[in-house]
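What follows is a short report on a single structure.
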Amino acid sequence: MSAYRPPKIASSEITPQQAYLRRRAFLIGAGGAGMSAAFGSSSWAEGLAATKSNYTVDEKLTPIEDVTTYNNFYEFGMDKADPAALSKDFKPRPWTIKVDGMVAKPQTFDVDALIKAFPPEERVYRMRCVEAWSMVIPWDGFQLSKVLDAVEPLGSAKYVAFETVVRPTEMPGQNATFGSLPWPYVEGLRLDEARNPLTLLAVGLYGETLPNQNGAPVRLVVPWKYGFKGIKSIVRITLSDKQPLNTWQAANSGEYGFYANVNPAVDHPRWSQATERRIGEGGFFSSSRHPTLPFNGYADEVASLYSGMDLKANF
Ligand code: MTE
């Protein structure tokens, strides 16, 4: 994100809803067998049909081709096409997530056990990147609050820190010596943000097991915040009484903050945040611009979390 980069790949012409419905129909007919053809094997996907939820938006879904080829995942490289191209050898299973810190019952969860305990539901969310592009993505996941409840946060816990896996042998971007980020990628939320019903741990998208390039096997989705808060391939979640570091703020605190709430009234120092380019709509040169909404359109659900706060100072 050090510089805004236009996409190298033409937007797909696929009608996402049609592709989605076709896939759903196939899955129901086949009882889940063969679901993993496109994305490799998956243990949880057998017979999966994540239940629909009321969390949806009345906007066109971004084609799955764009969602899975236009990515930010610097562990696999800095170009938008790198994560899809260079993540094929990444092994998202077996996988555990350690949840520790200020909790009564620290635990290490196997990702498939979590999926079994908390059956995924579909959440269609807008995603707004700080680089001023956006998508509409049907995620499959469960609320982060369910995992937090299981470990019983102490009354003194105020923040939640997240950490991505470090595996330079499988993640070529972690070997880069110049222009990249320090590893592991880390993020953080206030505990009340983490407990908000919108805050999701995603394990799939478009009804498929989460592709490596989108953060397999489990990534955070916080739809009212800029996309960089959505840390991928999580291996550790730590409760704390101190505000945790987040990678992009550490890299450039003048440009990226801790809160990172989507806010059209607070521009990035190098570009406006008033509008966004909706990926997959129109071509690159004629791409649709949408007005950016406060809290990415989720103000009713989350604005009260920040009452009395100066959102310009806490960007
Ligand atoms: N998580 C890790 N570990 N590494 C990253 O580089 N990029 C972030 C976020 N999570 C990133 C990450 C940024 S800047 C964005 S916009 C989103 O992932 C992109 O998610 P997507 O590729 O699934 O659209």
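The table below gives the values:
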| read-out | value |
| --- | --- |
| Subset of segment 75-98 [among the polar types (S, T, N, Q) and either open to solvent by 20 Å² or more (accessible area, probe 1.4 Å) or at pLDDT below 95 (or both)] | THR96 |
| Selection status of PHE39, at pLDDT 95 or above and among the hydrophobic types (A, V, I, L, M, F, W, C) | no |
| Exclusive hit being open to solvent by 60 Å² or more (accessible area, probe 1.4 Å) and in contact with a Leu (Cβ under 6 Å, 6 or more places away or on another chain), set LYS116, LYS158 | LYS158 |
| Any hit, segment 129-145, residues being over 30 Å from ALA274 (Cα atoms) and within 15 Å of the ligand (Cβ to nearest atom) | no |
| Inter-residue pairs, beta-carbon under 6 Å, first within 18 Å of GLY188 (Cα to Cα) and among the basic types (Lys, Arg) and in segment 83-107, second modelled with pLDDT of 95 or more and part of a strand (DSSP E or B), 6+ apart | LYS98/THR108; LYS98/ARG236 |
| Subset of segment 226-263 that is open to solvent by less than 30 Å² (accessible area, probe 1.4 Å), over 27 Å from PHE109 (Cα atoms) and among the small types (Gly, Ala, Ser) - its residue that is farthest from the ligand (Cβ to nearest atom) | GLY257 |
| Those residues of segment 256-280 which are under 20 Å from ASN71 (Cα atoms), in a loop (DSSP other than H, G, I, E, B) and not β-branched (Val, Ile, Thr), in sequence order | TYR256, ALA260, GLN273, GLY280 |
| Test for PHE284: is it modelled with pLDDT under 95 and among the hydrophobic types (A, V, I, L, M, F, W, C) | yes |
| Of all residues making up segment 54-69, the number that are open to solvent by 10 Å² or more (accessible area, probe 1.4 Å), part of a loop (DSSP other than H, G, I, E, B) and within 14 Å of the ligand (Cβ to nearest atom) | 3 |
| Unique match (being more than 14 Å from the ligand (Cβ to nearest atom), touching a strand residue (DSSP E or B) at 6+ places or on another chain (Cβ under 7 Å) and aliphatic (A, V, I, L, M)) among LEU210, LEU198, LEU191 | LEU191 |
| Selected residue (only one of LYS80, LYS98 is within 14 Å of the ligand (Cβ to nearest atom) and basic (Lys, Arg)) | LYS80 |
| Verdict on TYR206 being touching a Cys at 6+ places or on another chain (Cβ under 9 Å) and crowded, with 21+ Cβ neighbours inside 10 Å | no |
| Conditions (1) free of Cβ contacts under 8 Å to residues at least 40 places away in the same chain; (2) under 30 Å from SER304 (Cα atoms): number failed by GLU187 | (1) |
| Lone qualifier among ARG128, ARG219 - being without any contact (Cβ under 8 Å) to a residue 24 or more places away in the chain, crowded, with 19+ Cβ neighbours inside 10 Å and closer than 18 Å to ASN72 by Cα | ARG219 |
| Scan of segment 283-315 for residues that are more than 21 Å from the chain's Cα centre (by Cα), surrounded by 13 or more Cβ atoms within 10 Å (Cβ to Cβ) and either touching a residue at least 24 places away in the same chain (Cβ under 8 Å) or in a helix (DSSP H, G or I) (or both), ordered by number | PHE284, SER287, TYR306, LEU311, ASN314 |
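The values are calculated or read from the model by the stated rules, or taken from the named source; none is laboratory data. Owing to the predicted nature of the structure, the values given are computational and were not obtained by experimental measurement. Note that each Cβ is placed from the backbone with ideal geometry, even for glycine, and that neighbours are counted across all protein chains shown. Note: accessible area is taken over every heavy atom of the protein model, side chains too, but ligands, DNA and RNA are not part of it. Shrake-Rupley method; radii C 1.70, N 1.55, O 1.52, S 1.80 Å.
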